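Trainee: Attaching a single structure in C-alpha cells format; questions to follow.
The values are calculated or read from the model by the stated rules, or taken from the named source; none is laboratory data. None of these values were measured; they are calculated from a predicted model. Cβ atoms come from the backbone with ideal geometry, glycine included; neighbour counts cover every protein chain shown. Calculation scope for accessible area: heavy atoms of the full protein, side chains included, ligands and nucleic acids excluded. Shrake-Rupley method; radii C 1.70, N 1.55, O 1.52, S 1.80 Å.
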Amino acid sequence: MARLSLAACAVVFHLCLLISSSASLRWLSDKSAAVTTAGGVRTRSAYHFQPAKNWQNDPNGPMYHNGLYHFFYQYNPDGVTWGNGNLSWGHSVSVDLVNWFALDAALQPSRSFDANGCWSGSATILPDGSPVMLYTGIDARGDQVQNVAFPKNASDPLLVEWVKPEYNPVIPVPADIKRDDFRDPSTAWLGADGLWRIAVAARVHDVGGATLIYRSKDFLRWERNADPLYLAHAAGMVECPDLFPVSEPGVEVGLPASGAGARHVLKMSVMDTVQDYYVVGRYDDTADTFVPEDDDDCRSWRRLDYGHVYASKSFFDPSKNRRVLWGWANESDSVSDDLVRGWSGVQTVPRKIWLDEDGKQLRQWPVEEIETLRSKRVNLLIPEVNAGGVNEIIGVMGTQADVEVVFEVPALEHADVLEPNWLLDPQSLCGEKGASVPGSVGPFGLLVMASGDMQEHTAVFFRVFRQNDKYKVLMCTDLSRSSTRDGVYKPPYGAFVDMDIEAHGGIISLRTLVSSSSPARRSLNLLALFHSITLVISTDRLTTRLWRASAAGAGRASRRGCTRSTPRTATATCTCSTTGLVR
Ligand code: DQQ
C-alpha cells in the first residue's frame, strides 16, 4: 500500500511540473457522467485508453521520449464516426502507460499534402534523441502520399506542436500503385550502410498486397527498393506494417527497430478480414527482404489477437527494455448508440510482447503497470465445482476486475476425441458448442459481467479434446450472449492454445481483465459443465478512480488455422486464422 501511494505521489508531482509548462494538458480521468443509449446506461470504459470524446481508430506513433510515453491515434475531432476527410492525430502523454493526459491534436489536415486527412504513421527517434513522424497524408487530389513532421521544439517535454515541412510529400504515389492503396509508413531503422529504411503498405498492380521498403539518408529523399520486403500472396491490401527485431526465443528483453536481432517479426493488418497477423522470419538488411521461417503461405500466418483488435503498432520502450504493443478495438454498439454516447472505439491495454521459447510465436502480457490499478485483493479457494455447476464468486461485483484463476482438471483421459477438421476453424467451434453444450472435459471457465438472471454474460471458457495420445485445449471468448440486443457485434472468438496440459499436470491458469462501459452491477461466475475441477481464484478489484485498462484475456497467442470464408475445410484462399490466449 505504502509503495502504491509513493508511486502515485511521484506521478502526480511529475505531471504537475508538466502542467505548469502547458495549459493544454487535460487529465483523461474517469468520467462519472453516464449516458443512456438504446443499449442501456453507458459510461466511459474503465480500463482502455479513450480520448474525452469522438471517434478514434489506429494507434499512431507510440514512443517513449524524455521520460514520457506519447500516444497518438487516428481521431475525428468533429464527431463519432470515422470522419473521412478530417482524420487527425489525437495526442496524449503518460508517465506510466496507465494514467493519460490529453493534449491538442498533433497533426490535422492543413496543407495540400494532407488536405483530406492525416492518416496512420509512426515515430522514429533519431540518434540525437529527437523524434520524427512519418504519416500518410490524403492530399488535395485524394492521393495517398507519405509526409514527415518534426516537433517545433524538440526540448518541449510534451511535444505539443508539430511542423510539416513545405517539401512534403516526401514519397508520392508510385505509378504502379493505385492512389488509394499506398499508406501507413512504419518506424524507420538504420541499416549498416547508414541509410534509413521504412516499410510502407501498398497494393501493387498485378501483384497484390505488398510491404514495400524505402531508403533515405535524410528523411527527405526516399528511394524504393526494387524488391518488396514481403509479398502477401493471396491477401488483398495489407495495412499498417510493423517490422521489429526480437530477442532469442524465450528472452523477454525488447529490441529497438534495427536490422540486427535474432529474428524479426512482420505484423500486417489484413483489410479483407480486419484482423492482425504476424510472421516470424529472417530479415536480410542488405537486400531488405523478409523470409518467413515457416512456409511462405498466408494460411500459416499467426493472429496477433483473437479478439476485436486491428491496426496494432508496437514501439520499443528503452526505460524498461521491452517492446510494447497497442491495438485498436472498434465499437460493438451501433452508430446511433455511438452518437448518443459521444464516443466510439477504444485502445487495448498496452502489452509487452516477446518471442516464445519455441521461437515460432509471440507471447504477450499486459504491461506490469496495469497491476498498479489493483486495490482490494480477494482470494478464494474453491475445492471442487460439480458438473453442470455455475457458481457465483461471492464478493466480486463490479465492472472492473483483474482476475487470476487456476483450473485443475483431474481426469484428462475422459476428454472427447477431436475431429481433425475442427483444428481448421476453432472460432466456429467455439460458436457452435458455446458455453452451454456439455462435453467430457469442459466447458469450464468464467462467466463475466453476468446479469442477475444470467441472460447476459460473456463466457471465457475452455474445452479439452484428445487427439491420438495428446490433448488439445480450445479456448473461447463467446460474446454472443454479452448483450440481449440485436444489432450489436457479438461474435464468438477462439483458438486452440499451444500448451501441453498433460505436462502441466492438468493445470491451466487464466488471467482476465474485465472492463465494461456499462455501470450495472454484474457478477463473476465459475462455469464447470463437466465432472469437477479444483481451482484457486485471486481476484483484485480495481479502483474506479482510475479509468484505464484491460484487454480481456490477453495472453499467449498460439497456433494457426485458416479460412473463414470456407469454414472447416482446407483451402488455398487465405482469409483468416485463429488462436488462443492464456499463460
Ligand atoms: N486506418 C487508417 C489508415 C490505415 C487504416 C486511416 C487501418 O492509414 O490503413 O484511418 O485501420
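Trainee: Residues of segment 481-517 with the amide nitrogen closer than 20 Å to a label point 7 Å from the Cα of D453, along Cα-to-Cβ, please.
Mentor: Within reach of a label on D453: 481-488.
Trainee: Could you tell me which of the pairs K376/K490; K217/K313; K376/K470; K53/K433; K164/K217; K164/K320 are separated by over 29 angstrom between their Cα atoms in the structure shown?
Mentor: K376/K490; K376/K470; K53/K433; K164/K320, as the Cα separations exceed 29 Å there.
Trainee: Continuing with this model, one more query. Taking the Cβ-Cβ separation of N84 and V340 as r and a Förster radius of 22 Å, what is the calculated FRET efficiency to the nearest 0.05?
Mentor: Calculated value: 0.50.
Trainee: What figure, in Å² to the nearest 10, do you get for the accessible area of K178 with a 1.4 Å probe and non-protein molecules left out?
Mentor: 100 Å²
Trainee: Any idea of W301's accessible area? Nearest 10 Å², probe 1.4 Å.
Mentor: W301 has an accessible surface of roughly 10 Å² with all protein chains in place.
Trainee: Next question, about the same structure. Could you put L195, L190, L362 in order of accessible surface area, largest first, with the 1.4 Å probe and the full protein assembly present?
Mentor: In descending accessible area the options line up as L190, L195, L362.
Trainee: What per residue convex hull volume, in Å³, do the alpha-carbon atoms of segment 119-368 yield?
Mentor: Given the Cα convex hull of segment 119-368, per-residue volume reads 152 Å³.
Trainee: Next up: Figure the gain on full extension for V274 and L380 (residue separation times 0.36 nm, minus the Cα-Cα span) and round it to one decimal in nm.
Mentor: Taking V274 through L380 to full extension adds about 34.3 nm, to one decimal.
Trainee: Give the separation of the Cα centroids, segment 294-359 to segment 56-107, in Å.
Mentor: Here the two parts' Cα centres lie 16 Å apart.
Trainee: Apply 1/(1 + (r/R0)^6) to the Cβ-Cβ distance of E419 and E368, taking R0 = 35 Å, and write down the FRET efficiency to the nearest 0.05.
Mentor: 0.30
Trainee: In addition: Express in whole angstrom the spacing between the alpha-carbon centres of segment 152-192 and segment 193-244.
Mentor: 14 Å
Trainee: Output wanted: per-residue J couplings in Hz (rounded whole) for segment 183-196, from phi through Karplus 6.51 cos²θ - 1.76 cosθ + 1.60, θ = phi - 60°, x for Gly and Pro.
Mentor: Taking θ as phi minus 60°, the curve returns 6, 6, x, 8, 4, 8, 10, 9, x, 4, 7, x, 9, 7 Hz for segment 183-196.
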